1. Restricting to the range 56-75, give me the number of residues that are farther than 20 Å from Gln234 by Cβ and either surrounded by 14 or more Cβ atoms within 10 Å (Cβ to Cβ) or β-branched (Val, Ile, Thr) (or both).
2. What are the residues in the range 133-172 that are assigned to a loop (DSSP other than H, G, I, E, B) and among the charged types (D, E, K, R), if any?
3. Select, from Gly121, Gly177, Gly164, Gly136, the only residue that is exposed (fewer than 14 other Cβ atoms within 10 Å of the Cβ) and more than 22 Å from Ile79 (Cα to Cα).
4. Give the range 1-35 a look and list any residue that's aliphatic (A, V, I, L, M) and either part of a loop (DSSP other than H, G, I, E, B) or closer than 19 Å to Ile60 by Cβ (or both), or say none.
5. Being without any contact (Cβ under 8 Å) to a residue 60 or more places away in the chain and either surrounded by fewer than 11 Cβ atoms within 10 Å (Cβ to Cβ) or assigned to a loop (DSSP other than H, G, I, E, B) (or both) is the filter here, so list the residues in the range 95-116 that pass it.
6. Take the conditions in a helix (DSSP H, G or I) and in contact with a Gly (Cβ under 7 Å, 6 or more places away or on another chain) and apply them to Trp72. Does it pass?
7. Kindly indicate whether Thr38 is part of a helix (DSSP H, G or I), without any contact (Cβ under 8 Å) to a residue 40 or more places away in the chain and more than 14 Å from Gly244 (Cα to Cα).
8. Among (1) surrounded by 14 or more Cβ atoms within 10 Å (Cβ to Cβ); (2) modelled with pLDDT under 90; (3) closer than 15 Å to Ser99 by Cα, there is one condition Val221 misses while meeting the rest; what is its number?
Amino acid sequence: MKTGKITKWLSYLFLIILSIIWMFPIVFGITTSFRSQTEVVSVGFRLLPVDWVVENYIAILENTSTAPILRWLGNSLFIAISHTILVILVISVTAYGYSRLRFKHRDAIFFTLLGISMFPGVVNLIPSYKIIETLGWVNSPLAMIIPGLSGMGNIFLVRQFMKGIPREFDESARIDGASEFVIYSKIIMPMIKPVLIVCGLFSFTGSWNDFLWPVIVFNDVQKMPITAGLLLLQDIYGNYRLIGQLMGSAFLAIIPTMLLFIFAQKYFVQSINLNAGVKG
């Protein structure tokens, strides 16, 4: 018992130290956004500002021409929300087919696609851009919304969750005359809500934080998402000229994902249990 308590407290201590290490750069960046430019360039390292100021945020919000950050945030929200909704629809339907339906070479097709998805995404950058260019989606939200809808990682996760749901539910519904669409939408979907929320969370944050792809497909300042905009801000605010405004812009960019994780964290635990949606 005593050894178990020591192990538990050592684990807590390790996690606390690890959390501090991970949080320190974020806290320092946030506090830097409340420093004046004079303090940034003249005062040595300090975790907290000598004088707290909000001029950086005022300047950020007032700049609607070269760095329209509110518009960038709106663009990112539209792209991430649209992408997430479509991802949930596509992966749930696809996972239902791979887990509940029986057709020839089902598992072989699934694992072949899963293996292909293991290739680094950077390999597909040039072909993907040529497709986007051919479709006329350069500088369009569709360039970020449509690609990646059928991510095999998400499909695999939802498929495994569905396989934990007894087939007796399907068979009982078929006996009562339910179609495959009714079984999918009325029986399976409510049961897999936790894993769909987690996949939606991953999809939202992945779309929101995507950096390389939006930098490639967007060159119109007004249509950029926030990540491409932040790269532009490095040229406008960087080189220690307006570093406080750069940190303030970065802080505004992470607020949506922080709030999303806070409100959706309970579903992570539920998604680990493959039978979480099944009521006895």
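1. Number satisfying all stated conditions: 1.
2. Arg167 - this is the single residue of the range 133-172 that is assigned to a loop (DSSP other than H, G, I, E, B) and among the charged types (D, E, K, R).
3. The match here is Gly177.
4. Across the range 1-35, the qualifying residues are Met1, Ile26, Ile30.
5. Arg102, Phe103, Lys104, His105, Asp107, Ala108, Gly115, Ile116
6. In short, yes.
7. Judged against the criteria, Thr38 is not a match.
8. Going through the list (1) surrounded by 14 or more Cβ atoms within 10 Å (Cβ to Cβ); (2) modelled with pLDDT under 90; (3) closer than 15 Å to Ser99 by Cα, Val221 breaks only (3).
The values are calculated or read from the model by the stated rules, or taken from the named source; none is laboratory data. Keep in mind it's a predicted model, so treat the numbers as computed, not measured. FYI the Cβ positions are ideal-geometry reconstructions off the backbone, even for glycines, and counts take in every protein chain you see.
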